[in-house]
Amino acid sequence: MNQNVKPPAYSGTVAPLKNVAAAYAVAQQLIDRPAGVDGLGCFYGPSGYGKSKASTYVQNRTGAIYLEVFDYWTRRKFCQALLAELGVDKPRGSIADMMDHALRLLQDDPNRLMIIDEADKLVDKHMIELVRDLYKGARIPVLLVGEERLPEKLKAYERCENRVTAYGMANPSDLDDARALAGIYHRGLIVHDDLLAEIVLRAKGVASRIVTTLAQVAQFARAAGKGEIGLAEYGGQYFTGIAPRRGR
């Protein structure tokens, strides 16, 4: 995979983070795969690294089908959610009937990407073979997004794992990512690099924690009447994800 692939310009509330670029690169590799090459891909990493936001960007950029799996889903619920995403009002019928219906719809647009977020939940529930059946029947590109152990979990389903031809790994956010997050969420505030670096360090690169701390920084700056702020001026909290302990 070309590690230098970068997505086009960003807008809205999606910052140009490296993990967004990585997810987009995997998606493009699947969509543009040569004839005869399988089209299953994995984008994985720890919770809080921004995988879902990256998936949303890829969905908006490519017009992908998007499914977010929940713990309570059954096979029937998976089929109903997929058909609803494909525009079917009040999906009904047996699981087999709904799968056949979904396959017919997917075959109408075989180059359209399907993103399945929280895909490791399908593996845990022994439902990942439904995805393989959809891929095998429609030959559409499919991007599985999940936690760090997703590739390892797929090894128990050899028929799925053998069809994975593209991997992307979400990595901790760095100073550049923190700058991007500050710019997209707090455009009226200048946050100096020394403070951003401290935030990244304390957050251990977890994007969601960085965003939370930046909100606290912005609140602190407003209260102090500051339009810019650095490490020396900041006297507020850092969100580390660790619950405070009761003092003795």
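The values are calculated or read from the model by the stated rules, or taken from the named source; none is laboratory data. If you're wondering where the values come from, they're calculated on a predicted model, not measured in any experiment. Every residue, glycine among them, receives a Cβ derived from its backbone with ideal geometry; neighbour counts consider all protein chains shown. Protein only, heavy atoms only, side chains kept; ligands, DNA and RNA dropped before computing areas. Shrake-Rupley method; radii C 1.70, N 1.55, O 1.52, S 1.80 Å.
Give me the net charge of Arg104's neighbourhood, meaning all other residues with Cβ under 15 Å from the Cβ of Arg104; Lys, Arg count +1, Asp, Glu -1.
-3
Specify the angular offset, from 0 to 90 degrees and rounded to the nearest 10, of the alpha carbon long axis of helix 18-31 from the longest principal axis of the alpha carbons in the chain.
Long axis of 18-31 versus the principal axis of the chain: about 20 degrees.
Cα to Cα, under 25 Å, and not fewer than 8 places away if on the same chain: which lysines meet these conditions relative to Lys204?
Of all the lysines, those that pass the test against Lys204 - Cα under 25 Å, at least 8 places apart if same chain - are Lys6, Lys18, Lys51, Lys53.
Using a 1.4 Å probe, what is the accessible area per residue for the range 23-70, in Å²?
38
Based on the Cα gyration tensor of the range 61-202, what are the three equivalent ellipsoid semi-axes, each the root of five times an eigenvalue, rounded to whole Å and given largest first?
36, 18, 14
Please give the contour-minus-distance gain from Lys204 to Asp100: 0.36 nm per residue of separation, less the Cα-Cα distance, rounded to one decimal in nm.
32.9 nm
Under the rule of -39500 (n - 2.57) per DSSP H run of 4 or more residues, summed and divided by the residues of the chain, what mean residue ellipticity at 222 nm is obtained, to the nearest 500 deg cm²/dmol?
Only helices count here, giving -14000 deg cm²/dmol.
Could you give the alpha-carbon Rg of the chain over 2.2 N^0.38 Å, rounded to two decimals?
Against the empirical 2.2 N^0.38 Å value, I get 1.16 for the chain.
Calculate the FRET efficiency for Arg179 and Arg245 from the Cβ-Cβ distance with a Förster distance of 51 Å, rounded to the nearest 0.05.
Computed FRET efficiency for Arg179 and Arg245: 0.95.
With θ taken as phi - 60° and the coefficients 6.51, -1.76 and 1.60, list the Karplus ³J(HN,Hα) couplings across the range 127-139 in order, rounded to whole Hz; mark glycine and proline as x.
Here the 3J(HN,Hα) series is 10, 5, 5, 4, 5, 4, 4, 5, 5, 5, x, 10, 6 Hz.
Of the heavy-atom accessible surface of the chain (probe 1.4 angstrom), what whole percent is carbon and sulfur?
Exposed carbon and sulfur together represent 49 percent of the surface.
Under the 0.36 nm per residue contour assumption, what length would be gained going from the current alpha-carbon distance of Ala215 and Ala232 to full extension?
4.4 nm
Which of the listed residues, Val191, Gln216, Leu130, is farthest toward the dipole's positive end in the chain, when Lys, Arg count +1 and Asp, Glu count -1 at the beta-carbon?
Gln216
Going by amide H atoms built from the backbone, whose H comes under 5 Å of the H on Cys42, apart from near neighbours?
Close amide H contacts, sequence-distant or interchain: Leu144, Ala166, Tyr167, Gly168.
Can you give me the angle between helix 51-62 and the longest principal axis of the chain, using Cα atoms only, in degrees from 0 to 90, rounded to the nearest 10?
Relative to the chain, helix 51-62 is tipped by roughly 60 degrees.
So what's the net charge close to Tyr66: Lys and Arg +1, Asp and Glu -1, counting the other residues with Cβ under 9 Å from its Cβ?
Once all neighbours under 9 Å are counted, the net charge is -3.
With only Lys, Arg, Asp and Glu charged, each at its Cβ (+1 for the first two, -1 for the last two), find how big the charge dipole of the chain is about the Cα centre; round to the nearest 20 debye.
480
Sum up the charges of everything whose Cβ sits under 14 Å from the Cβ of Val145, counting Lys and Arg as +1 and Asp and Glu as -1, but leave Val145 out.
So the environment of Val145 carries a net charge of -1.
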